[in-house]
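Novice: Starting off with a structure, shown below.
The values are calculated or read from the model by the stated rules, or taken from the named source; none is laboratory data. None of the values given here were measured: they were computed from a predicted structure. All Cβ positions, even for glycine, are placed from backbone atoms using ideal geometry, and neighbour counts span all protein chains on display. These area figures cover heavy atoms from the full protein model, side chains too; ligands, DNA and RNA do not enter into them. Shrake-Rupley method; radii C 1.70, N 1.55, O 1.52, S 1.80 Å.
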Amino acid sequence: SQTIHQWPATLVQPVGSPLSLECTVEGTSNPNLYWYRQAAGRGLQLLFYSVGIGQISSEVPQNLSASRPQDRQFILSSKKLLLSDSGFYLCAWSPGQRNQPQHFGDGTRLSIL
Amino acid sequence: AQTVTQSQPEMSVQEAETVTLSCTYDTSESDYYLFWYKQPPSRQMILVIRQEAYKQQNATENRFSVNFQKAAKSFSLKISDSQLGDAAMYFCAYESNNDMRFGAGTRLTVKP
């Protein structure tokens, strides 16, 4: 069966520090991969999605970036964090076919001080 | 651009009773899917039910069912025989061509 792992679960970082959140999927190949941010009490905002290695689509211009160095690995990064980057970050995957449900990781709670 | 609207920020239901959560969406696409996700306090996103836009029959999963009105672009979720474990945030979502959009969510409280 397919599983998705996301880490760390919790992260506290100072303003201006770099960020690297990692997500990996097991049990499937060529998945679509997604990064979302959920502000407190709000819905999900799609940040990036990828349909293949090295293919990244950005939904919201900001100081975050994403990379997909391997088929089942998706990384969310920042060179310099802002206070506004605080939130709950969720990674998700779906099969490569169109219009399939997404399956989510357990999320990372990021607090910027 | 596709948008998803959940007009009820909060809803409450008595245990064992029925509650309906509303969702509307806006799209010019003809081929798309709709989903309801549940997010309990653990914050894990759990797929509850899905509906293919080309299917007229409403999807059903045990106590969960949807009322899909394609012309009205409405996709409501009905929870029957509500249980305490149903308490969570519920998100309506729309997907077309790998582009998924979520509503702002409805917080459901279940009263014992």
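Novice: Would a scan of the stretch B:73-92 turn up a residue that is of a type in the set (Val, Ile, Thr), part of a strand (DSSP E or B), touching a residue at least 40 places away in the same chain (Cβ under 8 Å) and more than 30 Å from A:ILE56 (Cα to Cα)?
Specialist: Checking the stretch B:73-92: at least one residue is of a type in the set (Val, Ile, Thr), part of a strand (DSSP E or B), touching a residue at least 40 places away in the same chain (Cβ under 8 Å) and more than 30 Å from A:ILE56 (Cα to Cα).
Novice: If you don't mind, there's one more thing I want to ask. Give all pairs with beta carbons closer than 7 Å in which a residue from the stretch B:13-26 that is under 16 Å from B:GLN51 (Cβ atoms) meets a residue that is of a type in the set (Ser, Thr, Tyr) and in a loop (DSSP other than H, G, I, E, B); count only pairs at least 6 apart in sequence or on separate chains.
Specialist: Going by the 7 Å Cβ cut-off, the qualifying pairs are B:SER22/B:SER7.
Novice: Name the single residue, out of those in the stretch B:93-112 being surrounded by fewer than 21 Cβ atoms within 10 Å (Cβ to Cβ) and in a loop (DSSP other than H, G, I, E, B), that is nearest to the chain's Cα centre (by Cα).
Specialist: It comes out as B:ALA104.
Novice: Another one. Just give me the residues in the stretch B:53-72 being assigned to a strand (DSSP E or B) and among the hydrophobic types (A, V, I, L, M, F, W, C), in sequence order.
Specialist: Hits for the stretch B:53-72 are B:PHE64, B:VAL66, B:PHE68.
Novice: State all residues of the stretch A:54-109 that are open to solvent by less than 70 Å² (accessible area, probe 1.4 Å), part of a loop (DSSP other than H, G, I, E, B) and within 14 Å of chain B (Cβ to nearest Cβ); if no residue qualifies, say none.
Specialist: Once the filter is applied, which keeps residues that are open to solvent by less than 70 Å² (accessible area, probe 1.4 Å), part of a loop (DSSP other than H, G, I, E, B) and within 14 Å of chain B (Cβ to nearest Cβ), the stretch A:54-109 yields A:GLU59, A:VAL60, A:PRO95, A:GLY96, A:ASN99, A:GLN100, A:PRO101, A:GLN102, A:GLY105, A:GLY107.
Novice: How many residues does the stretch A:5-49 hold that are surrounded by 15 or more Cβ atoms within 10 Å (Cβ to Cβ) and under 17 Å from B:ASN98 (Cβ atoms)?
Specialist: So the answer is 15.
Novice: Hey, does the stretch B:16-31 have a residue that's surrounded by fewer than 12 Cβ atoms within 10 Å (Cβ to Cβ), over 23 Å from A:GLN38 (Cβ atoms), at pLDDT 95 or above and away from every other protein chain (no Cβ under 12 Å)?
Specialist: Yes, because at least one residue in the stretch B:16-31 is surrounded by fewer than 12 Cβ atoms within 10 Å (Cβ to Cβ), over 23 Å from A:GLN38 (Cβ atoms), at pLDDT 95 or above and away from every other protein chain (no Cβ under 12 Å).
Novice: Being more than 11 Å from chain B (Cβ to nearest Cβ), touching a strand residue (DSSP E or B) at 6+ places or on another chain (Cβ under 9 Å) and under 18 Å from B:ILE46 (Cβ atoms) narrows it down to one of A:VAL25, A:VAL12, so name that one.
Specialist: A:VAL25
Novice: Between a first residue in the stretch B:41-56 that is facing chain A (nearest Cβ under 10 Å) and a second residue that is charged (D, E, K, R) and in a loop (DSSP other than H, G, I, E, B), which pairs have beta carbons less than 6 Å apart while being 6 or more apart in sequence or on different chains?
Specialist: Pairs that qualify, where the first residue is facing chain A (nearest Cβ under 10 Å) and the partner is charged (D, E, K, R) and in a loop (DSSP other than H, G, I, E, B), are B:GLN44/A:ASP106.
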